[in-house]
Amino acid sequence: MSITQTAEFQKHVEKLSSSSMGTEHTGPLLYALIKFTRPHRVLEVGSGLTTIYILAALHEISQLEKAEFANKRSNYNPDFRNQDYYRMQHSKFCLHTFDNFKHPKTSAIHIQEAAKELGLKHLLKFSNTEYQNIHKVLNKDEQSFDMIWCDVGGLINYSTQQNLLLPLLQNRTDGYMIFHSTLSNIHGLAFLNQLKLDILSGKLPDLELMSFFEPHKHRQNSCTILRKKGGLSSRIYSEQP
Ligand SMILES: C[S@@+](CC[C@H](N)C(=O)[O-])C[C@H]1O[C@@H](n2cnc3c(N)ncnc32)[C@H](O)[C@@H]1O
């Protein structure tokens with residue numbers, strides 16, 4: 001059973017849910033994406049409900065990989081095992097999250113306690129400061145991530161995050177950068193249109209982009225996922241899918 005289905009986890013979901021943030025489905029989406037793409041190092045900008053979903057997924061894949069590296073069973077057909085992946089040196093599982101507690105309705109103040117109570121504290125590094133300080137706060141060898149989730153919006157933030165954080169995605173496997181609330185608002189659309197232009201004109205090679213929209217909401221209703229193609233996914237392993 002997934003940790004997200006336990007009563008204890010649901011208790012923290014209730015506590016961390018903030019009506020202004022709109023991440024009720026983004027949390028489970030990030031959880032599923034992490035199980036799917038297996039990042040080891042995740043960066044989050046803007047902590048809260050999504051923090052515990054990310055931690056839960058990192059915990060579950062770390063347990064699974066422990067078994068897989070010990071040649072025990074996994075949750076998929078062993079014939080599909082990609083030896084290239086298992087031969088790689090992988091970083092320790094970790095979520096680094098930044099929040100300055102400036103939002104009046106932030107639930108970020110509770111995430112450390114929630115992580116502790118859920119037994120997930122060992123996976124969490126929390127910085128109570130502006131994400132713009134990242135280069136001062138993290139050591140050089142910590143400034144590399146497989147997935148970056150940005151939940152501090154506004155045009156200035158989107159472009160600061162693109163300039164400051166996108167270069168921190170590693171190249172070995174695919175890297176993902178996810179922006180919240182990019183559709184149906186002027187700031188998000190201006191950012192997205194420039195991003196699309198940069199991709200189409202070749203300024204941002206190896207990037208793919210896809211957005212998802214929650215049609216039942218008029219705010220906090222979307223996310224955009226940037227995929228930076230890495231080494232493994234560019235290889236051809238089989239003739240048939
Ligand atoms: C939209 S909320 C994050 C919601 C959270 N991901 C969730 O699922 O509940 C944005 C958060 O970013 C914090 N924040 C705003 N500007 C920031 C900055 N420059 N650096 C770090 N945190 C910031 C706010 O205090 C707020 O908690």
Looking at (1) surrounded by 13 or more Cβ atoms within 10 Å (Cβ to Cβ); (2) within 24 Å of S159 (Cβ to Cβ), which is the only condition K121 fails?
(2)
Please find, within segment 139-176, the residue that is farthest from the ligand (Cβ to nearest atom) out of those that are surrounded by 18 or more Cβ atoms within 10 Å (Cβ to Cβ) and among the charged types (D, E, K, R).
D174
Listed by first then second residue, the pairs whose first member lies in segment 153-181 and is more than 19 Å from P205 (Cα to Cα) and aliphatic (A, V, I, L, M), whose partner is within 16 Å of the ligand (Cβ to nearest atom) and modelled with pLDDT of 95 or more, with beta carbons under 9 Å and at least 6 positions apart or on separate chains, are L155/H187; L155/G188; L155/F191; I156/H187
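Of all residues in segment 15-30, how many are of a type in the set (K, R) and either surrounded by 23 or more Cβ atoms within 10 Å (Cβ to Cβ) or within 8 Å of the ligand (Cβ to nearest atom) (or both)?
Qualifying residue count for the region: 0.
Among residues belonging to segment 85-117 that are closer than 30 Å to Y237 by Cα and surrounded by 12 or more Cβ atoms within 10 Å (Cβ to Cβ), point out the one that is nearest to the ligand (Cβ to nearest atom). Quick ask: steps written out before the conclusion?
Keep residues of segment 85-117 that are closer than 30 Å to Y237 by Cα, which gives 85-94.
Subsequent filtering for residues that are surrounded by 12 or more Cβ atoms within 10 Å (Cβ to Cβ) retains 85-86, 88, 90-91, 93-94.
On the way: Y85: 29, Y86: 32, M88: 30, H90: 26, S91: 23, F93: 19, C94: 17 Å.
So, considering only residues that are closer than 30 Å to Y237 by Cα and surrounded by 12 or more Cβ atoms within 10 Å (Cβ to Cβ), the one nearest to the ligand (Cβ to nearest atom) is C94.
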Residue check, H59 touching a residue at least 40 places away in the same chain (Cβ under 8 Å), surrounded by 15 or more Cβ atoms within 10 Å (Cβ to Cβ) and closer than 20 Å to G231 by Cβ:
no
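For segment 118-133, name all the residues that are in contact with a helix residue (DSSP H, G or I) (Cβ under 7 Å, 6 or more places away or on another chain) and either more than 26 Å from L183 (Cβ to Cβ) or more than 14 Å from the ligand (Cβ to nearest atom) (or both).
Restricting attention to segment 118-133, the residues satisfying the condition of being in contact with a helix residue (DSSP H, G or I) (Cβ under 7 Å, 6 or more places away or on another chain) are 118, 120-121, 123-124, 126-127, 129, 132.
Hits for segment 118-133 are L118, L120, K121, L123, L124, F126, S127, T129.
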Starting from segment 205-218, keep only residues that are over 15 Å from M177 (Cα atoms), then list their pairs with residues that are of a type in the set (V, I, T) and loosely packed, with under 13 Cβ neighbours inside 10 Å whose Cβ atoms are within a distance under 9 Å, requiring at least 6 positions of separation or different chains.
none
What is the residue count in segment 31-74 for residues that are outside any helix (DSSP H, G or I) and more than 12 Å from the ligand (Cβ to nearest atom)?
10
Over segment 34-80, the set of residues in contact with a strand residue (DSSP E or B) (Cβ under 9 Å, 6 or more places away or on another chain) and of a type in the set (V, I, T) is I34, T37, V42, V45, T50, T51, I54
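The values are calculated or read from the model by the stated rules, or taken from the named source; none is laboratory data. As the structure is a prediction and not an experimental result, all values here were calculated from the model. No Cβ is skipped: glycine too gets one built from the backbone with ideal geometry, and neighbour counts run over all protein chains shown.
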